[in-house]
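The values are calculated or read from the model by the stated rules, or taken from the named source; none is laboratory data. This structure is a prediction, so every number in the text was calculated from the model and none was measured. Every residue, glycine among them, receives a Cβ derived from its backbone with ideal geometry; neighbour counts consider all protein chains shown. All accessible areas refer to the heavy atoms of the entire protein, side chains included, with ligands and DNA or RNA removed. Shrake-Rupley method; radii C 1.70, N 1.55, O 1.52, S 1.80 Å.
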Amino acid sequence: MDKKPIRLVFFKYILANVISSLGVSVYILIDTLFISKGMGSEGLAALNLSLPVFNFLNGFGLMLGMGGGSKFSMLYCRTERKETDAVYTNAFFAMLAIAAVFEILGIFLSKQVTRLLGADASIFAMSHSYIKKVLLFSPAFLMNNLMACFMRNDSAPRLAMLGLLSGSLVNVILDYVFIFRLDMGMSGAALATCIAPFVSMAVMSIHVITGWNAFSLRAMLPSFGTIKEIVSLGLHSFLSEVSGGVVIMIFNFVIYRISGNTGIAAYGVIANTAIVFTAIFAGIASGIQPLMCRYHGRNDSQAISYVLRLAMTTALIFSVLAYAAVFLGTSRIVGAFNSESHEGFRSIAEKGLREYFLFMPFMGVNSVFSIYFTSMEKPGRAQMISLLRGTVLVIPIAITAYILRSMTWVWATVPAAEAITAIVGITMFVLSVRKKWTETLSPLPTR
């Protein structure tokens, strides 16, 4: 990485991470498409009610993976191997503890979780079947995220990409087999999704088997200090993912009371389509994180500034192209999921896509700033961005939509929250740069 121009290294990391993030999100979208074809709008509604479970799983997995990966990358060039191994081992211990909680929920409380997420009698069976399997396979989802994040920080973004894409491809194939060939319904869709992380990890394990890895498990006792530091560095990723789940839960609550299960099904299309496009920003953020942490560890402020400019420009270009694609292709996107030719579903989904997707340029800015502040060891500012865009701003706007019984307000919730958060993020960045310049240019004290 040191011998190549920063621009080339940047696009190498960005491309690998965007492709892998898109691969994972596309299989979720195809999952949604197969369910809509096989089980109609009720299946879509059941799937959408299940999505927050993924948000929580991914949130915990990314918290440990991004936090541990950031710490690993900062230590990579200036400590012995045992220190980087200690970071990975403690992240693994924390993963096991979190997985145990999800396992308990899956074994004993899956019905209660399904009810909590808002499933009514008409879709309870389908939702419960999906949620229970995902909870039971939670260790695989968590470990998959942990491995991918550490490998990106260990100069293996392409193999991480290949692993995630392999899992996605297998998921798509099994979706078709289980839903249409074996007629397993929602249970088959869930099983296909749960098998995918095992395939991903099998491919990524090449990095360890061949000895290319600079991290491994060691026989040692957990260090709560190290785990606390990992959690602190990765908390913004957790808040971002979990906030997404909270937003879906709030939207499902509000939309159900305005438009019923038809509205939830329409939102399912919007939310799952959004996952594909927001994966672009997730890929950019994941790609710049190892670079920024590495340059921060070397105190190379010029390289950090250059990477930040490249990331912002790339995110904004992607957001404009993505919104144009959604706006021009709205009827085709909705038509692909409207197997029953439901007019109410079509009307709600088409209007929602065009209004909801206005969030994209602001989300791009917020995603980059979150990683920037984390990489500069300022997790508080990254966490503030995650909280503002995820819950603090979303909840009051969604409550307003509920009071007004307005779907337009519902679709405006996320764009408004992301826009306000972007203003806050830009302000924090400008103030931090101004402070740094003031400290640099201040005269030396005289005796």
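Results, tabulated for the structure shown:
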item: Scope segment 400-420; condition under 20 Å from residue 370 (Cα atoms) and open to solvent by 40 Å² or more (accessible area, probe 1.4 Å); matching residues; result: 420
item: Residue within segment 224-245 that is under 24 Å from residue 124 (Cα atoms), among the β-branched types (Val, Ile, Thr) and within 16 Å of the chain's Cα centre (by Cα) present; result: yes
item: Residues that are hydroxyl-bearing (Ser, Thr, Tyr) and surrounded by fewer than 22 Cβ atoms within 10 Å (Cβ to Cβ), drawn from segment 100-117; result: 110
item: Among the residues listed as 165, 169, 159, 221, the single one being assigned to a helix (DSSP H, G or I) and open to solvent by 70 Å² or more (accessible area, probe 1.4 Å); result: 169
item: Criterion: farther than 19 Å from residue 117 by Cβ, assigned to a helix (DSSP H, G or I) and modelled with pLDDT under 85 - qualifying residue of 61, 65, 69, 23; result: 23
item: Some residue of segment 118-131 being touching a Ser or Thr at 6+ places or on another chain (Cβ under 7 Å), closer than 27 Å to residue 39 by Cα, of a type in the set (Val, Ile, Thr) and open to solvent by less than 10 Å² (accessible area, probe 1.4 Å); result: yes
item: Matching residues, segment 367-387, being part of a helix (DSSP H, G or I) and not hydroxyl-bearing (Ser, Thr, Tyr); result: 368, 369, 371, 373, 379, 380, 381, 382, 383, 384, 385, 387
item: Residue match in segment 304-318 (condition: basic (Lys, Arg), open to solvent by less than 40 Å² (accessible area, probe 1.4 Å) and in a helix (DSSP H, G or I)); result: no
item: The listed residue being touching a Pro at 6+ places or on another chain (Cβ under 7 Å), modelled with pLDDT under 90 and crowded, with 24+ Cβ neighbours inside 10 Å, out of 144, 153; result: 153
item: Flag for residue 246 being open to solvent by less than 20 Å² (accessible area, probe 1.4 Å) and of a type outside the set (Lys, Arg); result: no
item: Any hit, segment 334-351, residues being touching an Asp or Glu at 6+ places or on another chain (Cβ under 9 Å) and either modelled with pLDDT of 90 or more or farther than 24 Å from residue 66 by Cα (or both); result: yes
item: Subset of segment 3-44 (residues that are charged (D, E, K, R), open to solvent by 40 Å² or more (accessible area, probe 1.4 Å) and closer than 29 Å to residue 265 by Cβ); result: 37, 42
item: The listed residue being of a type outside the set (Ser, Thr, Tyr), open to solvent by less than 30 Å² (accessible area, probe 1.4 Å), part of a helix (DSSP H, G or I) and farther than 23 Å from residue 283 by Cβ, out of 352, 335, 390, 364; result: 352
item: Residue within segment 83-91 that is open to solvent by 10 Å² or more (accessible area, probe 1.4 Å), of a type outside the set (Ser, Thr, Tyr) and either under 30 Å from residue 223 (Cα atoms) or at pLDDT 90 or above (or both) present; result: yes
item: Residues (assigned to a helix (DSSP H, G or I), farther than 16 Å from residue 52 by Cα and not aromatic (Phe, Trp, Tyr)) located in segment 104-123; result: 104, 107
item: Test: residue in segment 150-161 that is out of contact with any His (no Cβ under 9 Å at 6 or more places or on another chain) and without any contact (Cβ under 8 Å) to a residue 40 or more places away in the chain; result: no
item: Out of 93, 56, sole residue that is of a type in the set (A, V, I, L, M, F, W, C) and within 16 Å of the chain's Cα centre (by Cα); result: 56
